[in-house]
Amino acid sequence: MGFSGHGSAVFLVASLVTFVGVCHGGSDAPRGVAIGFVFDPKAKCDPPCEHAGICIRNNTCFCSKGYEGETCKYANCYPKCKNGGMCLRPGKCRCPPGYGGRYCHKVTCDGGCWNGGECTAVNGVAKCICPSSWTGSKCQEALCPQGCRNGGICVAPGICSCPEGWLGGACHTAVCTQPCLNGGKCISPNKCRCRPPFSGPHCEERKKSH
């Protein structure tokens with residue numbers, strides 16, 4: 001490394017103790033090197049120390065903060081990445097699908113949960129738990145307990161959007177633009193069911209008796 005002489009060694013030792021080194025795996029907490037560690041300015045490490053680690057004895061690296069392993073190759077995340085996350089660089093985790101947050105500790109649903117849905121892990125899989133009036137993978141589909149008949153579409157909890165010619169909470173009431181006369185009943189858009197002896201499109205004709 002180019003260091004020589006007792007003065008240089010003492011200076012480097014004094015500098016090194018200011019680091020918070022991580023050279024040992026298996027612990028969540030970073031570990032420092034004790035002040036009395038032995039430093040050899042002629043030490044050689046093969047393979048070399050990575051990520052600004054310093055070779056303090058032959059094949060022994062003193063790692064800079066945030067790295068660990070024999071050659072300081074591995075980034076260290078504290079707390080450790082959870083739920084199968086991988087530490088990419090100090091304090092930065094790459095999270096598996098369904099998890100997010102700095103340490104992969106939050107369950108996340110792709111695209112989020114709509115209409116008050118809550119994202120939670122179900123058997124290890126992120127899933128939206130929907131309020132009683134919504135359904136679908138993102139809680140995007142409204143529920144109409146009464147149903148929407150005759151081609152109606154549920155657009156909000158309990159509310160149907162009805163096609164032309166139908167009305168009512170379940171799109172169950174037909175609309176006749178001209179009313180059915182003489183006690184006739186509108187049974188489908190602009191179609192009347194007549195009471196005897198009446199007939200015609202609007203029950204306006206009386207059958208003649210023979």
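Sort through 184, 165, 152, 158 and tell me the only one that's in contact (Cβ under 8 Å) with a residue 24 or more places away in the chain and touching a Cys at 6+ places or on another chain (Cβ under 6 Å).
Answer to the check: 158.
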Hits in region 130-160 - residues which are among the hydroxyl-bearing types (Ser, Thr, Tyr), assigned to a loop (DSSP other than H, G, I, E, B) and open to solvent by 50 Å² or more (accessible area, probe 1.4 Å): 132, 137
Taking region 161-189 as the region of interest, how many residues are assigned to a strand (DSSP E or B) and surrounded by fewer than 17 Cβ atoms within 10 Å (Cβ to Cβ)? 6
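The values are calculated or read from the model by the stated rules, or taken from the named source; none is laboratory data. Bear in mind that the values here come from a model prediction, so they are computed numbers and not experimental data. Ideal geometry is used to build each Cβ from the backbone, glycine not excepted, and the neighbour counts take in all protein chains shown. Ligands, DNA and RNA are excluded from the accessible area calculation, which covers all protein heavy atoms including side chains. Shrake-Rupley method; radii C 1.70, N 1.55, O 1.52, S 1.80 Å.
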